[in-house]
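These notes concern the structure reproduced below.
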Amino acid sequence: MSGTDEFEVRESVIRKMTRLAIEYKAINLSQGFPNEGPPTEGVCELICGLLGGTDEKHQELRDKKVSELMDALIDSSRKQDTTLSEFLSAINKMGGVDYISQYSMPFGRPALREKIASYYERFYSGQKGATRQRVDPDRTITVTLGATESLAIVLRTICKPGDSVLIMEPFHELYPSQAAVLYLHKEFTELKENITTNKWELDYDDVKAKADKCKAMILCDPHNPTGKVFDVGELQRICRICIEHDMYLITDDIYEHMIYPGAAHDKHILPGWDTESILTADAGFGEDDVEKMANLYIIMNSLSKTWSATGWRCGWVISPQHLTHMIRAVHDQMVLQAATPIQVGAQALLDMPPNYFLGVASKYQERRNFLVSELEKLGFQCTWPNSAYYVFMRYRNVPALKGFDTPLDAATFILKEIGVATVPGDNFYHNGHNTDYIRFCFCRQLPDLKAAIERLQKLNEYDAGSALETFSAL
């Protein structure tokens, strides 16, 4: 791709499939958002923050007994008939100073940045790398409008128009699109499915060859859409290439708590900091390498996936100190801040107990086991995902789908005729050069997945010819 075409920005195919799912009343297994709410703790903090207006009033309201509020605010003759809306309105009319519905510090409320630092200390302490020097609320953390904005401000900070970014295929469409918005060139390196070993494998010689051209590499681990978890040796090779070529490593960590048995390791690793398993002396990394890698390592994360809060649009960047000022400046000019009330709710979500995070993995593992097994019975094939909540399925073994030339045609047939929305797999490759896959999402609740499989059984009623004939008439 060359010239202006390289910088053309296109509509999100994933979000388009969601719109079409609504239009055709299809079950949406395309876009990665759950249909269950975030933990009550976060919702309650958000509501109490909005009604209280200040941190002090918010805490006071949160701990107040409902009966006391009813006695103080609602006439005794109306208590039995008072609606929730009327009750909340009465609380809101208590008045007073309000800060929580107003601007807050552009790069994040101090209390939230402190919670983010504590969160990393909980999960990545000691040699795993999350020291207060590296996760410093004042010097390294920037609260953002989700990981989408995080990537934009990071790329704008470390790159200038004409620079190149290394993107791994299959990729989330966001990565090349953000590069195009910022007039950056894209280099691609491909994860390839090895159906003999049941692994997705990367050509590290290709990564190394392209690293000299690139200012940064984007690593999604755990990986969307394949569900791959990169093993220790792979992460060491990536870090070594970054160090040797002065290439930033931008990691997209939003699926960090969705790792299932059979993965390369059972807990997420922060490769740019971890001296326990990645940047070790035994692997040839010296103290200078550790320091250099820390200065090349940028983490993106958000509330969206782990806490089922994709619409809250709240995330963060953890950056080396020398980049933070510029990241915050770009963030300030692009969006100013993440919504203040959402940040109040986020503080509670980050404080969830350990069992909550274990439950995230077990919940999605159950849904994965069901959906993938049932899809295989229909003829779909895959390397089972060991993480995240997507499965990247080869579809050409399904009798009804064998005649379709492109994943878009196959996915459109499944959408319009079967009533299930998916994402055509060529959307995850530049120029759509790989046409063997369709992505299904298993973040929806089990009844929805069962209903989707019930609809997908209709594929058994078609052969390749009848499916194409039906498709041509749609």
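The values are calculated or read from the model by the stated rules, or taken from the named source; none is laboratory data. Just so it is clear, the structure is predicted and the values come from calculations on it, not from any experiment. Every residue, glycine among them, receives a Cβ derived from its backbone with ideal geometry; neighbour counts consider all protein chains shown. Protein only, heavy atoms only, side chains kept; ligands, DNA and RNA dropped before computing areas. Shrake-Rupley method; radii C 1.70, N 1.55, O 1.52, S 1.80 Å.
Table for the structure above
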| quantity | calculated |
| --- | --- |
| With all protein chains modelled, accessible area of Lys402 [1.4 Å, Å²] | 110 Å² |
| Largest to smallest accessible area among Phe428, Phe33 [probe 1.4 Å] | Phe33, Phe428 |
| Portion, in percent, of the accessible area of the chain that falls on carbon or sulfur, probe 1.4 Å | 49 percent |
| Length released on extending from Gln59 to Tyr183, taking residue separation times 0.36 nm less the Cα-Cα span | 40.0 nm |
| Among Thr142, Ile91, Pro170 the positive-end extreme of the charge dipole of the range 55-207 (Cβ point charges) | Ile91 |
| Student exercise, the chain dipole from Lys, Arg, Asp, Glu Cβ charges, in Debye to nearest 20 | 780 debye |
| FRET efficiency, Leu474 to Thr197 (Cβ-Cβ, R0 35 Å, nearest 0.05) | 0.35 |
| Part-to-part distance (alpha-carbon centres) for the range 208-229 and the range 300-364, which is given in Å | 22 Å |
| Gyration tensor verdict on the range 70-119 (Cα atoms; rounded if a/c is under 1.5, prolate if a/b is larger than b/c, oblate otherwise) | prolate |
| For Lys292, solvent-accessible area (1.4 Å; no DNA, RNA or ligand), Å² | 70 Å² |
| Burial ranking of peptide ranges 444-457, 250-263, 142-155 (average Cβ count within 10 Å, highest at the top) | 142-155, 250-263, 444-457 |
| Among beta bridges that DSSP assigns inside the range 63-215, antiparallel share in %, nearest 5 | 40 percent |
| DSSP-defined beta bridges in the chain - what % are antiparallel, rounded to 5 | 50 percent |
| Sorted peptide list for 49-60, 461-472, criterion being average Cβ within 10 angstrom, highest first | 49-60, 461-472 |
| Dipole moment magnitude, nearest 20 debye, the range 326-474 about Cα centre, only Lys, Arg, Asp, Glu C-beta charged | 300 debye |
| Projected-area mean, the range 28-177, by convex hull of Cα positions, square nanometres | 14.4 nm² |
| Accessible surface, per residue, of the chain when the full set of protein chains is kept, probe 1.4 Å, Å² | 43 Å² |
| Distance between modelled label sites at Asn355 and Met105, nm, 7 Å Cα→Cβ extension | 3.4 nm |
| Sequence ranges 215-221, 271-277, ranked by mean other-Cβ count within 10 angstrom, highest first | 215-221, 271-277 |
